Amino acid sequence: MSPTNLRLLVCLVMLGGPTLAHATCLTSVTELKAEGIKTNWQETTMDDGKPLKIVIADGANGLVYSASKAGEPWLTGDAAFCRSGNTTTVTLDNTKATENVPLVTRMALPSTLSAPIVNDEIRLAGGAWRGTFVGR
């Protein structure tokens, strides 16, 4: 890299660095609650009258989630809540579906879903599945 290009790169990093939002992830239920983020979420867009309920909990290596429908376990996985500027994004990762989830839904459900929290709502979408959840 030429000295001129290197100086330009250093200048851009110095000028742009402070303006870039740095994501900070919350790592415990205590931190979520301290920031006013709910740990229980209920689906509002179900078409069968049985909302999917998501519960966030402390796991051995960070936050985890479990989801149930009509009292039956449906999904488990890792959860991350990260803030960048005024936006908090939730990511549900390493999703594992139980046998209670219909086969077609199981096959179409991605292992990672991510969405911002806006007005205490999360609008998750993956494959053919979509759902809006409100904090409880």
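The figures follow:
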{"read-out": "HN-Hα J in Hz across segment 69-82 - Karplus 6.51, -1.76, 1.60, θ = phi - 60°, x for Gly and Pro", "value": "9, 6, x, 9, x, 10, 9, 9, x, 8, 10, 9, 10, 10"}
{"read-out": "Interatomic Cα distance distribution for segment 71-125, bins of 10 angstrom, percent", "value": "23, 46, 25, 6"}
{"read-out": "Hull shadow area, averaged, segment 34-136 [alpha-carbon convex hull, nm²]", "value": "6.7 nm²"}
{"read-out": "Label-point gap, in nm, between residue 103 and residue 23 - each point 7 angstrom along Cα→Cβ", "value": "3.6 nm"}
{"read-out": "³J(HN,Hα) computed for each position of segment 112-125 - Karplus, 6.51 cos²θ - 1.76 cosθ + 1.60, integer Hz, glycine/proline x", "value": "10, 10, 9, 6, x, 8, 10, 6, 6, 10, 10, 10, 8, 8"}
{"read-out": "Solvent-accessible area per residue for segment 14-136 (1.4 angstrom probe, square angstrom)", "value": "59 Å²"}
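The values are calculated or read from the model by the stated rules, or taken from the named source; none is laboratory data. These numbers were taken from a predicted model, which means no experiment stands behind them. Note that we place each Cβ from the backbone using ideal geometry, even for glycine, and neighbour counts take in every protein chain shown. Accessible surface is based on the protein model in full, side chains and every heavy atom, while ligands, DNA and RNA are left aside. Shrake-Rupley method; radii C 1.70, N 1.55, O 1.52, S 1.80 Å.
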